[in-house]
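Following: one structure in structure tokens, then a few remarks.
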Amino acid sequence: MASVGLCAIPGYYRNLPKVWNLGCVRDFSKGFNITAIEPISAMTSVTSDDISKIIPAHALVANAQGDVAGQIIDHSVSNFFNSDRVRNSPVGRTAHQIEKSMEGDLSFGGSQPASVKHSLKFAMRATQTRAQVEYSGYTTAQVTYSIVHEEMNVEVREPVKALNTQLVFNHIASKTDRTQIMSFRWAW
């Protein structure tokens, strides 16, 4: 792109040209020196931890159109609100206090040496938009309700000492589907 400048400086008017070409001349008739191009390096590198803050590490399950995008947004927003910068802000501290006030524990039984101690834990996770109830005693069970996905997951776990694992039964109920899953869970 060339720019044209007209010269009208008093006293120097007669000695200077009237039209100046201030543009860059792109003449590649003699070739182009590719070594003049310097690569630009990134200021920071992207790691798998950075990506896992945006895209969930667990498998994305798409039941309907937009579910995958909803899961990615839900995961990103949850990580944003759980980040140190947001959690240490006045709004983050208030949200954390509210979330802590929405948790509860209840334990009973187990006073005798051979008796079973029962424990119930309640939690409403506002940042994750889900409610959760956990029971331990005769068995270990967990009921989770996701408000965003309108889905309830009932999970019952029993230890299998011979295999050093847990036998897990899941009943997942959503507005469109019901699924029962029996699986083994190992701790790695």
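For the reader, a short list of remarks on this structure follows.
- Among (1) modelled with pLDDT under 85; (2) touching a Ser or Thr at 6+ places or on another chain (Cβ under 8 Å) - the single one residue 120 does not satisfy: (1)
- When 115, 83, 146, 119 are screened for being without any contact (Cβ under 8 Å) to a residue 24 or more places away in the chain and more than 30 Å from residue 183 (Cα to Cα), only 83 passes.
- When the criteria are applied in full, residue 91 fails the requirement of being β-branched (Val, Ile, Thr) and in contact (Cβ under 8 Å) with a residue 12 or more places away in the chain.
- Output for the range 127-137, where each listed residue is modelled with pLDDT under 90 and open to solvent by 60 Å² or more (accessible area, probe 1.4 Å): 130
- Restricting the range 76-93 to residues that are modelled with pLDDT under 85 and open to solvent by less than 50 Å² (accessible area, probe 1.4 Å), the residue that is nearest to the chain's Cα centre (by Cα): 76
- Of all the criteria given as (1) on the phi < 0 side of the Ramachandran plot; (2) open to solvent by less than 70 Å² (accessible area, probe 1.4 Å), the one not satisfied by residue 163 is (2).
- Scanning the range 27-55 for residues that are in a loop (DSSP other than H, G, I, E, B), among the aliphatic types (A, V, I, L, M) and loosely packed, with under 10 Cβ neighbours inside 10 Å turns up 37, 40, 42, 43, 46.
- Total residues in the range 94-112, condition in a helix (DSSP H, G or I) and either surrounded by 11 or more Cβ atoms within 10 Å (Cβ to Cβ) or touching a residue at least 60 places away in the same chain (Cβ under 8 Å) (or both): 4
The values are calculated or read from the model by the stated rules, or taken from the named source; none is laboratory data. Model, not experiment: these values are computed from the prediction. Every residue, glycine as well, gets a Cβ built from its backbone with ideal geometry; the counts of neighbours run over all protein chains shown. Heavy atoms of the whole protein, side chains included, go into the accessibility calculation; ligands, DNA and RNA do not. Shrake-Rupley method; radii C 1.70, N 1.55, O 1.52, S 1.80 Å.
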